[in-house]
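So the structure is just underneath, and the comments pick up after that.
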Amino acid sequence: MNQFEPKILGFCCNWCSYAGADLAGTSRMQQVPNVRIIRVMCSGRVDPTFIIKAFEAGADGVLIAGCHPGDCHYIGGNYKTIRRISLLHNMLEQLGIEKERLRLEWVSASEGAKFAGIVNNFTERLKELGASPVKAQ
Amino acid sequence: MAKPKVAFYWNASCGGCEETVIDLNEDILKVADAVDIVLWPVALDFKRKDIEALADGEIAVSFINGSIRLEEQENMVKLLTQKSGLVVAFGACAHIGGIPGLGNFWNRETIFERAYKGVPSVENPEGTLPQERTTVDGCDLTLSEFYDTVKTLNQTIDVDYYLPGCPPPPDLVMNAVNAILQGDLPEKGAVLAPAKALCDTCPRRDSKPEKISISEVKRPWEIKMDPETCFLVQGVICLGPATRSGCGETCIRANMPCRGCFGPVDGVADQGARALSAIASILGLEGEENMSEEETQKLVDQIVDPAGTFYRFGLPASLLRRKKM
Ligand code: SF4
Ligand code: FES
């Protein structure tokens with residue numbers, strides 16, 4: 001059985017989402033192992049270049065997780081992230097990469113279950129979508 | 001002492017780079033005095049066999065413009081590399097792909113379909129497409145292979161230096177020629193232009209406030225653009241924050257925003273991603289905390305062609321290189 005296992009690169013902000021992901025782990029929540037997490041100080045630190053580079057390097061999906069709007073440790077980092085991801089969605093579609101492959105989610109430090117749910121759901125969705133079109137070329 | 005041999009060659013390009021050599025004006029006479037031109041298809045009648053007859057490395061420097069679309073172009077630049085001491089990628093197309101690089105939103109099949117069948121002015125009832133080999137009256141005719149993807153020069157051969165611009169301005173060309181003649185060159189791989197971003201040298205930089213917020217994106221034809229105010233302040237997308245300077249700000253002085261032909265500044269892997277990041281940060285910055293999802297989407301959608309805007313000149317050199325299809 002050769003089931004496709006998507007590779008997801010996750011960027012979690014230090015102050016909320018990384019702690020949320022950590023909570024999912026320490027609480028032993030059931031979560032598929034498809035995501036590799038990179039900790040960044042703020043979701044606003046995620047340069048669109050990182051995301052494009054992840055796709056170029058073979059990621060099937062990229063997850064950005066940050067503090068809820070209003071809660072960013074740096075006050076407005078995540079507002080910029082919203083607009084960057086939204087513009088990047090439009091641009092990736094033009095380049096043949098489905099926008100569903102790039103997700104932006106808000107996860108607070110107490111939302112371990114939410115984090116695990118996002119990862120499970122994203123993985124499922126990517127399985128339906130199949131391997132990244134970047135890899136096919 | 002024999003004069004150093006110099007070659008000029010063109011690939012997928014428009015001829016504007018040849019023009020810039022002419023734009024050296026009187027300086028071109030100094031160049032012609034100092035060097036021996038062994039190849040320049042636009043002006044002189046040398047052929048491939050003349051280059052083949054030279055010893056390896058005999059050409060001091062080849063200035064090669066245009067991106068690589070055809071097999072014939074690839075073969076020719078490989079021959080030139082073998083015969084040249086130095087290779088300079090001349091102009092935006094050779095450097096980062098240029099306007100022909102926008103062909104990377106399509107592939108051979110879709111381009112042929114459009115160009116030879118779909119265009120209203122084309123009459124081709126049999127739907128004939130260019131073939132690499134055809135026999136006509138017992139004669140074998142060949143055409144160069146047309147690749148799916150446009151490549152930059154350094155994706156095809158080893159390049160020593162880059163002269164950016166569409167086309168490179170005469171002062172940078174002259175500086176490069178002098179540096180080569182005097183053997184006073186920077187490290188291999190350098191772009192022979194300033195390292196700073198265009199905003200640093202822009203005549204409008206003083207009108208650019210610390211904080212810009214774009215509440216409505218305007219395309220150049222939609223408004224009467226003020227000739228002195230930073231384009232971003234006017235809501236017009238300008239790639240100055242993400243583009244290398246050295247162009248002489250000619251577009252800005254002609255009241256048009258920067259389109260990015262000089263490519264990224266040193267150390268930036270993807271010019272389009274950098275530009276997107278800069279523009280997205282200032283879109284609706286004022287009052288961002290109260291912006292609804294719909295409002296954000298509406299504002300972002302006002303940039304109707306983000307890939308074409310941010311990769312206008314640099315799609316082949318970008319991390320993804322082309323549309324995936
Ligand atoms: S954004 Fe454009 S107009 Fe404004 S300072 Fe930069 S280069 Fe000049
Ligand atoms: S610190 Fe978490 S999004 Fe800015």
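What to note about this one:
- Under the condition of being open to solvent by 60 Å² or more (accessible area, probe 1.4 Å), within 17 Å of B:ALA193 (Cβ to Cβ) and within 11 Å of ligand 1 (Cβ to nearest atom), the residues counted in the range B:215-254 number 1.
- Applying the condition of being more than 14 Å from chain A (Cβ to nearest Cβ) and open to solvent by 30 Å² or more (accessible area, probe 1.4 Å) to the range B:204-214 and asking which residue is nearest to ligand 2 (Cβ to nearest atom) yields B:GLU210.
- Within the range B:109-127, one or more residues are surrounded by fewer than 22 Cβ atoms within 10 Å (Cβ to Cβ), touching a Leu at 6+ places or on another chain (Cβ under 8 Å), hydroxyl-bearing (Ser, Thr, Tyr) and away from chain A (no Cβ under 14 Å).
- B:ASN178, sole failed condition from (1) surrounded by fewer than 17 Cβ atoms within 10 Å (Cβ to Cβ); (2) assigned to a loop (DSSP other than H, G, I, E, B): (2)
- Count of the range B:255-269 residues which are within 12 Å of ligand 1 (Cβ to nearest atom) and either open to solvent by less than 10 Å² (accessible area, probe 1.4 Å) or more than 25 Å from B:GLN302 (Cβ to Cβ) (or both): 3
- Residue under evaluation B:SER318, criteria (1) more than 7 Å from chain A (Cβ to nearest Cβ); (2) assigned to a loop (DSSP other than H, G, I, E, B); (3) free of Cβ contacts under 8 Å to residues at least 40 places away in the same chain, criterion not met: (3)
- Considering residues of the range A:64-79 that are more than 8 Å from ligand 2 (Cβ to nearest atom) and either closer than 9 Å to A:SER43 by Cα or touching a Pro at 6+ places or on another chain (Cβ under 9 Å) (or both) only, the residue most open to solvent (accessible area, probe 1.4 Å): A:TYR79
Residue-by-condition table, conditions (1) within 13 Å of chain B (Cβ to nearest Cβ); (2) among the acidic types (Asp, Glu); (3) in contact with an Asp or Glu (Cβ under 8 Å, 6 or more places away or on another chain):
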site: A:ASP60; (1), (2), (3): yes, yes, no
site: A:SER86; (1), (2), (3): yes, no, no
site: A:GLN94; (1), (2), (3): yes, no, yes
site: A:SER110; (1), (2), (3): no, no, no
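- Any hit, the range B:215-227, residues being within 14 Å of another protein chain (Cβ to nearest Cβ) and over 27 Å from the mean Cα position of the chain (by Cα): yes
- Some residue of the range A:116-123 being over 14 Å from the mean Cα position of the chain (by Cα) and either within 13 Å of chain B (Cβ to nearest Cβ) or assigned to a helix (DSSP H, G or I) (or both): no
- Which numbered condition B:CYS166 misses (of (1) open to solvent by 50 Å² or more (accessible area, probe 1.4 Å); (2) in contact with a Gly (Cβ under 9 Å, 6 or more places away or on another chain); (3) in a strand (DSSP E or B)): (3)
- Search result, residues across the range A:4-62 that are crowded, with 23+ Cβ neighbours inside 10 Å, part of a strand (DSSP E or B) and without any contact (Cβ under 8 Å) to a residue 60 or more places away in the chain: A:PHE11, A:VAL62
- Any hit, the range B:305-317, residues being open to solvent by 10 Å² or more (accessible area, probe 1.4 Å), among the aliphatic types (A, V, I, L, M), away from ligand 1 (no atom under 14 Å from the Cβ) and closer than 25 Å to A:GLU105 by Cβ: no
- Filter pass, A:SER132 being of a type in the set (Ser, Thr, Tyr), within 14 Å of chain B (Cβ to nearest Cβ) and within 17 Å of A:PHE4 (Cβ to Cβ): yes
- Qualifying residue in the range B:13-22 (condition: charged (D, E, K, R), farther than 20 Å from B:GLU74 by Cβ and in contact with a Phe, Trp or Tyr (Cβ under 8 Å, 6 or more places away or on another chain)): yes
- Screening the range B:1-104 for strands (runs of 3 or more DSSP E) wholly inside it with 1 or more residues that are polar (S, T, N, Q) returns the ranges B:59-65, B:84-90.
- All conditions in (1) open to solvent by 30 Å² or more (accessible area, probe 1.4 Å); (2) within 20 Å of B:GLY97 (Cβ to Cβ); (3) not in a loop (DSSP other than H, G, I, E, B) hold for B:LEU172, with the sole exception of (1).
- Residues of the range B:292-302 that turn out to be facing chain A (nearest Cβ under 8 Å), over 13 Å from A:GLU93 (Cβ atoms) and open to solvent by less than 50 Å² (accessible area, probe 1.4 Å), as a count: 2
- Residue in the range B:220-227 that is of a type in the set (Phe, Trp, Tyr) and more than 26 Å from A:LYS80 (Cβ to Cβ) present: yes
- Residue within the range A:32-43 that is near ligand 2 (Cβ under 10 Å from one of its atoms), touching a Lys or Arg at 6+ places or on another chain (Cβ under 9 Å) and not hydrophobic (A, V, I, L, M, F, W, C) present: yes
- Qualifying positions in the range B:305-315 - touching a residue at least 40 places away in the same chain (Cβ under 8 Å) and more than 15 Å from B:ASN107 (Cα to Cα): B:ALA307, B:GLY308, B:THR309, B:PHE310, B:TYR311, B:ARG312, B:PHE313, B:GLY314
- The range A:80-109: number of residues that are within 10 Å of ligand 2 (Cβ to nearest atom), open to solvent by less than 30 Å² (accessible area, probe 1.4 Å) and part of a helix (DSSP H, G or I): 1
The values are calculated or read from the model by the stated rules, or taken from the named source; none is laboratory data. Source: prediction; values computed, not measured. Note: ideal-geometry Cβ built from the backbone for every residue, glycine included; neighbour counts use all protein chains shown. Heavy atoms of the whole protein, side chains included, go into the accessibility calculation; ligands, DNA and RNA do not. Shrake-Rupley method; radii C 1.70, N 1.55, O 1.52, S 1.80 Å.
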